Amino acid sequence: MRAEISIRGAGPVGCVLALALHRAGRSVALVAHEGGSGASPFRPIALSHASRLILERVGAWRALAPTPIETIHVSQQGGFGRTRLCAADAGVPALGYVIEYGNLLASLLDQVRARGIAIESAAGASLLEVHAEGSSGESRQKSYRQEAVVALVTTRPAAAGTAWERFTPEGPLALLPLGGRYGVVWGMRPRRARQLCAAPAEEFVAALQDAFGGRAGALVALGERSRVPLALRVRASRVGERCAFVGNAAQTLHPVAGQGLNLGLRDAWDLAQVLHDAQDPGDARTLRRFAALRRVDAATTVRVTDFLAGAFVGADALARPMRGFALTALDICPPARRFFARRMIYGASALP
Ligand SMILES: Cc1cc2nc3c(=O)[nH]c(=O)nc-3n(C[C@H](O)[C@H](O)[C@H](O)COP(=O)(O)OP(=O)(O)OC[C@H]3O[C@@H](n4cnc5c(N)ncnc54)[C@H](O)[C@@H]3O)c2cc1C
């Protein structure tokens, strides 16, 4: 018998949706892209506490071995002002958890196979087709004219517990603790990204140390490097006739605040809740309910991320002090810190 729900795209969002629907007793199949199982370049992913709750609920958390983030330190290069967010500000055990994209995906696929969920190479007829195949060309698009340089670096002392976000004139720079090292995501103009990725390791390390300063220690070694173009892509509607869109297939964000996958997992969770008892999962009314449920969370996360991607770039004389005042105000105001931290963790959704 064919599955009643087919999910096109066995990325992290598609896998989590399949696991959630399977737990709810729905018959589901994943449609994997030919060649999609190849190794992906190194990419550190910061999962929020809300994503941890979702992964726990679908039974996929225990198999992961992520690095917890206890503190997030935000600063700007060449200007005053900084903010420190702690897990206690948000009332959670950790502000987030860092894991490598390829490891997360391999573990989720293991869980999918262990539950006997079908993985097919082509979609058959189903009552509902969910698109989870990542970025789509059919979306409204805005290019940031930036690329992210992604790398793995070793520091002395070793990375432990603190994630660093630094706004540089070139673009936002994040150092995420990952198994004693740091995953680097650094936004910058494409030409500069090409130059830095082709440069000798010592030159790359010197540029990174110069942009970051000494807060995270001395950078002593460089692992793999790659670059990814950055754009905002948002679908006009996340539902259609007997189809729905989740994760990057619905919206692809700038990685500045580490929100893309976290938002995608909330898409998957909410869709699974809506479909839980639905008689016909592809029914237009059911799909409209899903679209309505996701509207506010998705729209505000897209807006906040787009604002951060633009607001913290540039070295002009007026922008720098304004950023400094914003960072200082957040730092000295515990209720504002708490609001900001919880917003980044839970989005505008009803979780937990
Ligand atoms: C540098 C960088 C850093 C990031 N850091 C973070 C972070 O810290 N925190 C965070 O939350 N997010 C982060 N993100 C965003 C995050 O990676 C994405 O939001 C997330 O991967 C989206 O998951 P997805 O399953 O929707 O799509 P994808 O991860 O793109 O997976 C889609 C899958 O579908 C497959 N596919 C494609 N086409 C088809 C087809 N026609 N048929 C079948 N299958 C198909 C693909 O092969 C792929 O396996 C970052 C992104 C970048 C670029």
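The values are calculated or read from the model by the stated rules, or taken from the named source; none is laboratory data. Treat the numbers as computed from the prediction; the structure is a model and nothing was measured. Here Cβ is always computed from backbone atoms with ideal geometry, including for glycine, and neighbour counts include all displayed protein chains.
Numbers at a glance
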{"quantity": "Residue within the range 40-48 that is within 25 Å of ALA114 (Cα to Cα), within 11 Å of the ligand (Cβ to nearest atom), buried (at least 23 other Cβ atoms within 10 Å of the Cβ) and touching a residue at least 12 places away in the same chain (Cβ under 8 Å) present", "calculated": "yes"}
{"quantity": "Top-ranked residue of the range 77-86 - restricted to ones that are modelled with pLDDT under 75 and surrounded by 15 or more Cβ atoms within 10 Å (Cβ to Cβ), ranked as farthest from MET322 (Cα to Cα)", "calculated": "ARG82"}
{"quantity": "Strands (runs of 3 or more DSSP E) lying entirely in the range 69-163 (those with 1 or more residues that are over 21 Å from the mean Cα position of the chain (by Cα) and not hydrophobic (A, V, I, L, M, F, W, C))", "calculated": "71-76, 82-86, 118-120, 128-131, 140-156"}
{"quantity": "Residue ID - farthest from SER143 (Cα to Cα), chosen from residues in the range 259-289 that are within 16 Å of the ligand (Cβ to nearest atom) and touching an Asp or Glu at 6+ places or on another chain (Cβ under 9 Å)", "calculated": "ASP270"}
{"quantity": "Considering residues of the range 1-23 that are hydrophobic (A, V, I, L, M, F, W, C) and modelled with pLDDT under 95 only, the residue farthest from GLY59 (Cα to Cα)", "calculated": "MET1"}
{"quantity": "Condition check for LEU263: within 30 Å of SER75 (Cβ to Cβ), under 14 Å from the mean Cα position of the chain (by Cα) and assigned to a strand (DSSP E or B)", "calculated": "no"}
{"quantity": "Candidate set from the range 87-114 (those that are more than 14 Å from GLY258 (Cβ to Cβ) and within 11 Å of the ligand (Cβ to nearest atom)); member that is surrounded by the fewest Cβ atoms within 10 Å (Cβ to Cβ)", "calculated": "GLY102"}
{"quantity": "Scan of the range 233-258 for residues that are touching a Phe, Trp or Tyr at 6+ places or on another chain (Cβ under 7 Å) and either near the ligand (Cβ under 9 Å from one of its atoms) or more than 14 Å from ILE7 (Cβ to Cβ) (or both), ordered by number", "calculated": "ARG235, ARG238, VAL239, HIS254"}
{"quantity": "Any chance GLU56 is surrounded by fewer than 22 Cβ atoms within 10 Å (Cβ to Cβ) and free of Cβ contacts under 8 Å to residues at least 24 places away in the same chain", "calculated": "yes"}
{"quantity": "Residue check for LEU152: modelled with pLDDT of 95 or more, closer than 19 Å to GLY258 by Cα and surrounded by fewer than 21 Cβ atoms within 10 Å (Cβ to Cβ)", "calculated": "yes"}
{"quantity": "Cβ-Cβ under 6 Å pairs, at least 6 apart or on other chains, the range 176-197 side at negative phi and assigned to a helix (DSSP H, G or I), far side crowded, with 24+ Cβ neighbours inside 10 Å and of a type outside the set (Asp, Glu)", "calculated": "ALA193/VAL149; LEU196/VAL149"}
